[in-house]
Amino acid sequence: MITADVRMVDLEPEGFGRLAAILARRVYAPAPELQVLHRNGEVLAAVHPDDGLVEGMATRPFTDVDRRAAELLALTGVARVTMLDTDGLEDLVGEVNELAVPGRSQWELLWLARELWWTHPAVVTVPEPPEAPAWRRVVAWSRRRDADWWAVVGAWEGDELALSVIAHVGMDGIDVLTSADHFGPYRPPRSRAVELVERVARQGRVGAALLCDLADLERVVDSADPIVELARVVGEGRVLHHEGIEDLW
Amino acid sequence: MMARPVEITSRGLRLGGEDGEEMRLLSGEVHSWRLDPARWPAVLDAVADLGFTAVGTYVPWAVHEVVPGRFDFSGPRDVERFCALAAERGLRVLLRPGPDCGGELPGSGWPRRVLDDPRCQARRSNGQPYLLASATHHCHPPSYASTAFLDEVARWYDAVAPVVARLQYPDGPVVAVQVDNEIGFHFQANAYALDYHPDAVAGYRAFLEARYGTVGALNATYGTHHARFSDVDPPVDGAADPDPWRIDWVAWREEHLRQAIGTMAGMLRERGVDRVPLVHNHHPRTEPPIDMGAMERSAGIDLCGSDIYAPRQGARAVRDLVRHLAGSSKLPWLAELGAGWLSLPWLLPMQVTPEDEEVAACRALLGGLRAANVFMLVERDRWFASSIAADGTPRPERTATWRRLARLLDELDWASLERWAPVLLLENRSETRRVAARDTLGTVVPCFSQVMPLDDRLTSIPHDDTDELRQWERGMAEALDAAGIEHDRATTSSLPDLRRYEAVLVPVLGALDPSAWDRLLAAAADGVRVGIGPRLPSLDDLGRPHEFPSAPGVELLSEPAKAAVLAPAPPFRCAHPAVDLVCWSGGGREVLVTFNASAGTVAAEVVFDGRRARFEPRWTPAPAVEGEGSVPVALAPWAVQVWEVSR
């Protein structure tokens, strides 16, 4: 979806920072998870999110890993228990290594690695692993399109354009990541938000656009399923402008 | 040894010999190859206008080697033209030709063909290459012991060193050259993750031979029966009670980094880069495998600094790193003082506002740092929020901090001031190597949790000693901070001149390098107050029982909080826990810098001896305050204030 040699230029000093702050909440979301490292049922260590390394029930040997995970979930009150087979983890690392092929971007590698983590036999977790992230659907959606188009995202806070992220999609994926700054100094007010799309359209075809209030963008990013939440926001008529994204959901 | 045309001083650089020009080293990073060359003049004009004395730039291997064996230094890669333009504007240049560059380059600046060469790749103990997640693209980074890799580096240096050499002062504006970038096993501190490349293991065995002399001496220490050094395999996992075999491996990793930098430094010197200092920068870690003091003194370079990127909440991390640089280096220098941030929101999202940059820059440059390279001063691909746009247009909301700082440093003649820091707090490297030797899961630990969400606390074997050591380290530092006693930091493995200090503190659970003990005793005999705790040393750096000479001048502390008792009273004190003070004086003048390290507004009192004093604010406009014995100060959230004090 993003090419390895993507150019990231003319990003808004403040706006991109705000996007980073929003995404940081997702990337560093508190995940109260008990992790138990074991070798074939012999526990080597267990770490609780708040208490650090713990003993007791969490470190007693077991024969049924699924049952032990469920017991610990009920006992500790954490949001997730993950049992890690230390020998299997080495295999997992090898498989992650194999994901690191030259043409694959960092973004895709990280997401594929996370999917592998939740599905690998060395990792047993309760409750069910997090659902497949939205990115797969976004990638599939973007690949249904021809190459050479722009995607525009703009978010307003009050009347001011608070942040914009504009991407050019080429043959192999996103090859330019930029912002409204790249298209000139003018930043349209909320009442004329669509002018942002019109300015980009002077440089090439706009294949997708989402213009909304910053609070709604944050709501979408913070949600468990951003595509479902985006559909809801659009369906409720809360966006300022959208085009080309209806087949995302 | 003859003096070079450019020498490092405690305040910056001296150009042209004993009576030469004293130069403040305040540079801004500008990636020339990423900008339109037609814009270079405007960009450099903007840099000079802000008061910077130099620019820094990588000279990336992968950018200049356009096809294997052919190098291009033309157009946007024309380093000489860029340097000439800088010189026309009175700017000196810090060149950074790698081999590693970072810089959000696809392969960190190493050519893809080198990264994909199995002979060059760093290895885990199971033979697997190590996956490093980096800018937009991942790679299997190289082993700095690999002869195949070092041969490739030599070929790169054959091409770039003549270009660099021509540009050296006094014939050109280059006043320093950086060897490699942030060496340190690719940010992976786990003792058993890297590097098990066959050439690295051979180096480890040579290290053991140099240390023990005979395999019999090694066997006596290890309790083994090896026939030869080549039979000794490195450890691949930790132990709760580390043995000499594991501690030697941890120590070797530190030495390995120095050997790598020393080898590359030697290559550059042999190729004519011999008139300016060679420098290196560590990422902001001070514990094993990093030893900045030892790197500076024994790796064939002239200066070792560090890098830090911190929003306002990280101001005290900046403070502590600057303290370490002040204690470990002849010139406390940040090779990368963060400004703006890399545009990789899916890996390391961070917001950096103008206020964040002011906090970090002031905490560094007004808190003890003497030299810095602002990274990135000028925006480029894969970076946002720099002070100067890629076309040379300054962003006033961001350039204001640099302009004001440069002016303040001039107006207050900062170079003539000394920071009051009478105490040295040491990291006991013998103890921290034991902590490192307790690492585990070296074949699994990922470079970042985004690659694999493994809880970091699982990668170290728990031990009461580790907890006790951290308690003492933290407690001693907190005691000094609570008492308002500014201090330097260093490690026992690379001690500075201890007689510079009135008190030296070091946590000791039992292990200590006997040579460090001798230095502490000598300092105590010279009148330095030496405080250790919780116990007297009884084990050497390998954990073997050792008879340490008695210590008449050394004070055994019963608790970390007692650390402050050994220190002199500070000239200025503030009881508010969020306020840090740094006191400066020289030539009959006193300057006090106050930092509010909190998100709240602070109203506090600065207390001093009974004479009446007037505090004139020099950073944020405000009325002067006067008082006898104390003055009230009000600090906005995260705010800095500089006071010129007259009594």
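Rule-based calculations on the coordinates, nothing more; no lab input. Every value quoted in this text rests on a predicted model; they were computed, and no experiment measured them. Neighbour counts run over all protein chains shown; Cβ positions are idealised from the backbone, glycine included.
Pairs of alpha-carbon atoms within less than 8 angstrom and 6+ residues apart define the contacts here; what relative contact order does chain A have, in percent? Show your work: numbers first, answer last.
Numbers: 400 pairs, mean separation 53.1, N = 249.
Result for chain A is 21 percent.
Summing charges over all other residues whose Cβ lies under 13 Å from the Cβ of A:SER191, with Lys and Arg as +1 and Asp and Glu as -1, gives -1.
Just rank A:ILE22, B:ILE301, fewest to most, by other beta-carbon atoms within 10 angstrom. Walk me through the numbers before you get to the answer.
Values: A:ILE22 20, B:ILE301 23.
Going from sparsest to densest Cβ surroundings: A:ILE22, B:ILE301.
Just so you know, the Cα atoms of chain A work out to an Rg and Dmax of 21.9, 66 Å.
Taking a sphere under 12 Å around the Cβ of A:ARG104 and counting the other residues whose Cβ falls inside, with K and R at +1 and D and E at -1, yields a net charge of -3.
Above 20 angstrom, tally the Cα pairs of region B:519-647 and express them as a % of all pairs, no decimals.
Numbers: 4789 of 8256 pairs.
Pairs farther apart than 20 Å: 58 percent.
With 0.36 nm allotted per residue and the present C-alpha distance subtracted, the B:ALA603-B:LEU536 stretch has 19.9 nm of extension available. If R0 is taken as 35 Å, the Cβ-Cβ distance between A:ALA201 and A:ALA140 corresponds to a FRET efficiency of 0.90. The overall shape of region B:388-464, judged from the alpha-carbon gyration tensor, is oblate: a/c is not under 1.5, and a/b is no greater than b/c.
Would you please classify the overall shape of region A:19-59 from the alpha carbon gyration tensor, given that a ≥ b ≥ c denote the square roots of the eigenvalues, rounded means a/c under 1.5, and beyond that prolate means a/b larger than b/c while oblate covers the rest? All intermediate terms of the calculation are to be shown ahead of the outcome.
On the way: a/c = 5.28, a/b = 2.75, b/c = 1.92.
In terms of gyration-tensor shape, prolate.
Ranking B:ALA525, B:PRO462, B:ILE485 by Cα position along the charge dipole of region B:433-536, where only Lys, Arg, Asp and Glu carry charges on their C-beta atoms, puts B:ALA525 farthest toward the positive end.
For the protein assembly as shown, the residue among A:THR76, B:ALA599, B:GLY12 whose Cα projects farthest onto the positive side of the dipole built from Cβ charges is B:GLY12. Among beta bridges from DSSP that stay inside chain A, the antiparallel ones total about 65%.
Evaluate the Kirkwood expression for the hydrodynamic radius of chain B, namely the inverse of the mean inverse distance over all pairs of different C-alpha atoms, and round to one decimal in Å. Let's see the in-between values first.
Working: mean 1/r = 0.0388 Å⁻¹.
So the Kirkwood estimate lands at 25.8 Å.
Please quote Rg/Rh for region B:1-131 to two decimal places, taking the Kirkwood radius as Rh and restricting both calculations to Cα atoms.
On the way: Rg = 18.2 Å, Rh = 17.0 Å.
Rg divided by Rh gives 1.07.
Under 5 Å between amide hydrogens, built in the peptide plane, is the criterion, and for B:ARG529 it picks out B:ALA503, B:VAL504 among residues at least 5 positions away or on other chains. Counting every other Cβ atom within 10 Å of each residue's Cβ, A:ARG25, B:ARG258 order from fewest to most as A:ARG25, B:ARG258.
Annotation: the antiparallel percentage among DSSP beta bridges lying fully within chain B is about 50.
Got a sec? How would A:HIS120, B:HIS137 order by Cβ neighbour count within 10 Å, fewest to most?
Values: A:HIS120 18, B:HIS137 26.
Ranked by crowding around the Cβ, least crowded first: A:HIS120, B:HIS137.
In region A:15-114, the DSSP beta bridges split such that about 55 percent are antiparallel, to the nearest 5.
Semi-axes of region A:134-186's equivalent ellipsoid from the Cα gyration tensor, sqrt of 5 times each eigenvalue, largest first, rounded to whole Å?
On the way: eigenvalues 118, 39, 10 Å².
The answer is 24, 14, 7 Å, longest axis first.
With q set to 0.12, 0.14, 0.20 Å⁻¹, the log10 of I(q)/I(0) for region A:33-98, from the Debye formula over equal scatterers at the Cα positions, is -0.30, -0.40, -0.75.
What is the diffusion coefficient of the protein assembly as shown in µm²/s, taking the Kirkwood radius over Cα pairs and the Stokes-Einstein relation at 10 °C with a viscosity of 1.306 mPa s?
Numbers: Rh = 29.4 Å.
Calculated translational D: 54 µm²/s.
Note on region A:82-132: the C-alpha convex hull projects to 3.6 nm² when averaged across all orientations. Considering only Cα atoms, the convex hull volume of region B:253-312 works out to 85 Å³ per residue. Here region A:44-190 yields Rg over Rh of 1.14, to two decimals, using C-alpha coordinates and the Kirkwood radius.
Stokes-Einstein, applied to the Kirkwood radius of region B:511-570 over Cα pairs at a viscosity of 1.306 mPa s and 10 °C, places its translational diffusion at 130 µm² s⁻¹. Can you give the FRET efficiency to the nearest 0.05 for B:GLU21 and B:ALA400, using r as the Cβ-Cβ distance and R₀ = 35 Å? In this case the efficiency is close to 0.80. Each label was represented as a point 7 Å from its Cα along the Cα-to-Cβ direction; for B:ASP171 and B:ALA551 these points are 5.4 nm apart.
Could you grab the relative contact order for chain B? Cα pairs under 8 Å, six or more apart, rounded to a whole percent. Before the final figure, lay out the partial values.
Working: 1416 pairs, mean separation 80.4, N = 647.
Contact order relative to length: 12 percent.
Site pair B:ASP243 and A:MET171 shows an inter-label distance of 5.9 nm when each label is modelled 7 Å from Cα along Cα→Cβ.
Assign unit charges at the C-beta atoms only (+1 for Lys and Arg, -1 for Asp and Glu), then state the dipole size of the protein assembly as shown relative to its Cα centre in Debye, rounded to the nearest 20. Walk me through the intermediate numbers first.
Details: 92 positive and 130 negative charges, 272 e Å.
It works out to roughly 1300 debye.
Comparing Cα centroids, region B:344-363 and region A:64-115 end up 31 angstrom apart.
Grab the beta carbon distance between B:ASP456 and B:ALA482, set R0 = 22 Å, and tell me the FRET efficiency rounded to 0.05.
Values: r = 29 Å, r/R0 = 1.31.
The pair B:ASP456/B:ALA482 has a calculated efficiency of 0.15.
The alpha carbon gyration tensor of region B:401-446 gives principal lengths a ≥ b ≥ c with a/c of 1.5 or higher and a/b no greater than b/c, which makes the shape oblate. Mean projection of the Cα convex hull over all viewing directions, computed for region B:154-240: 9.1 nm².
Quick one: net charge of A:VAL239's neighbours, Cβ under 13 Å, K/R +1, D/E -1? Don't skip to the end; give the middle numbers.
Details: positive: A:ARG190, A:ARG219, A:ARG232, A:ARG238; negative: A:ASP213, A:ASP216, A:GLU229, A:GLU236, A:GLU243, A:GLU246.
Value of the local net charge: -2.
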